[in-house]
1. Enter the Cα centre distance for the pair the stretch 103-117 and the stretch 53-69, rounded to the nearest angstrom.
2. With +1 assigned to the C-beta of every Lys and Arg and -1 to the C-beta of every Asp and Glu, and no other charges, what is the dipole magnitude of the chain about the Cα centre in debye, to the nearest 20?
3. For residue 134 and residue 167, FRET efficiency with R0 = 45 Å and r from the beta-carbon atoms, rounded to 0.05?
4. Starting with the fewest neighbours, write out 124, 46 ranked by other beta-carbon atoms found within 10 Å of each beta-carbon.
5. For the stretch 87-93, take each phi angle, set θ = phi - 60°, evaluate the Karplus expression 6.51 cos²θ - 1.76 cosθ + 1.60, and give the result in whole Hz per residue in order, putting x for glycine and proline.
6. Please express the Cα-Cα pair-distance distribution P(r) of the chain as a list of whole percents, one per 10 Å bin, running from 0 to the bin with the greatest distance.
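No value in this document is a laboratory result; all are computed from the given coordinates. These numbers come from a predicted model, not from an experiment. For neighbour counting, all protein chains shown are included, and Cβ atoms are generated from backbone atoms with ideal geometry for every residue, glycine included.
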Amino acid sequence: MTDIREQLARDLLNAPYDELSQQKKSVIDLIADQKPSGLGPLAKVDERDGWERLADNVARVGGSWGFIISFGIVLVIWVSGNIALAARAFDPYPFIFLNLMLSMVAALQAPVIMMSQNRQGAIDRAAAEHDYIVNLRAELEIMLLHDKLDALRERDILARTDVISAQLKQLCDDVAVLKAKT
């Protein structure tokens, strides 16, 4: 079984199978076993826990125009309401309570968004690795197809050469017979 893998590694990658990286070994194994490359990391069942889903939802909502516009509307209402109420304002002009709320939202929202981005980065890296394996396998399969086509062409040329040689020999024999008659 390893002789097929060793032969593929030497033919396609010009290296012994044992010296290949784990990725390249997996590609050679897939070619040798003639198995599909798989669906990749994005096709997996959702394995996120509740906190990861919450982080993803916060990042999705917090990074949208809807959130920015609605947050801007709330700020305008807060500021204009407190200016209009001037003497009886809940949060008078320097809007200290509003600043406190905005700071708390930013302090909590930023790390949650970063958690979501880190997880998405890991998914993107896994997808890139899967794409690399699929591309490498496709390239190696194309190289195998080229080798097969070259072998077919060589066999065809040899067969045609044999036919031409046989016809040439027959013609030489016919010429020799005609010379002998004259």
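1. Taking the Cα centre of the stretch 53-69 as reference, the centre of the stretch 103-117 is 11 Å away.
2. 440
3. Efficiency at R0 = 45 Å is approximately 0.40.
4. Ordered by Cβ neighbours within 10 Å, fewest first: 46, 124.
5. 6, 9, 5, 5, 9, x, 2
6. All Cα pairs, binned at 10 Å, distribute as 7, 17, 14, 13, 12, 10, 9, 6, 4, 3, 2, 1, 1, 0 percent.
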